[in-house]
Every structure is written in C-alpha cells, then in structure tokens.
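Engineer: The structure's right below; bear with me while I get my questions together.
FYI, it's all coordinate maths here, none of it is from the lab. Owing to the predicted nature of the structure, the values given are computational and were not obtained by experimental measurement. Ideal geometry is used to build each Cβ from the backbone, glycine not excepted, and the neighbour counts take in all protein chains shown.
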Amino acid sequence: MSDYSALNALLTALSEHIDKTEIELASHTLIAIDQELKGWCEGANPPQEQELLAIQAKILAATARLKNARDKTQTELINQRKSHKAISKYKATKR
C-alpha cells in the first residue's frame, strides 16, 4: 500500500468516526494521520505538492465537521442545563 493510499484509508476512517461521533477514535486517528504523514515526508519518496494539498483539504474538512459537531453538542448541553434550571425553579414555586 502506498503512503497516499494509507493516508486516504486513515482519512476515510477519520470521517467515519466523526459521522458516528466517536470523538476518542477520531482523536487517535488524527494522531495516526500525523505519524503516517511525517513518515512519508521523511521517507525516500516524499509526497508531491498536489498530494499534500489534497490531504490538507481532507484534514481541514474533517476537522471543520468535528468542530461543528462539538459546537452542536455544547449548545445542546447548555440548553439542557438551562431547561433543567427552569424546571427546578418552576418546581420550587409549587412547594
């Protein structure tokens, strides 16, 4: 398997982890991508500019989706917390 194919496989796995909100696995996959990319760049046959740009675009798209998922989760948690406080205040008035 070429270095580019190996990175593409890792990028596909990263995308799948993000889609399934498997954040811990996505984090580990990002580390693996970093190590694979370093090894490729330091190897005997380093990547060409076009390959690096394609990989960079995929990584940026994946991390943007990851950030959006994180922001959505944070918003949901804040709304849940606000809702819980409102319910608690309502119950306190009924006592």
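Engineer: Can you find, within segment 38-72, the residue that is surrounded by the most Cβ atoms within 10 Å (Cβ to Cβ) among those that are within 21 Å of HIS28 (Cβ to Cβ) and of a type in the set (Gly, Ala, Ser)? Can you show your working first?
Structural biologist: From segment 38-72, those within 21 Å of HIS28 (Cβ to Cβ) are 38-41, 55-56, 58-70; that's our starting set.
Filter again for of a type in the set (Gly, Ala, Ser), leaving 39, 61-62, 64, 69.
Details: GLY39: 11, ALA61: 13, ALA62: 20, ALA64: 11, ALA69: 15.
Here the answer is ALA62.
Engineer: OK, next. Among what's in segment 1-28 and is within 9 Å of the chain's Cα centre (by Cα) and among the β-branched types (Val, Ile, Thr), pick the residue that is nearest to PRO47 (Cα to Cα).
Structural biologist: Looking at the filtered set, the residue picked out is ILE18.
Engineer: Right, something else. Restricting attention to segment 73-87, does a residue exist that is over 15 Å from the mean Cα position of the chain (by Cα), surrounded by 11 or more Cβ atoms within 10 Å (Cβ to Cβ) and not hydrophobic (A, V, I, L, M, F, W, C)?
Structural biologist: no
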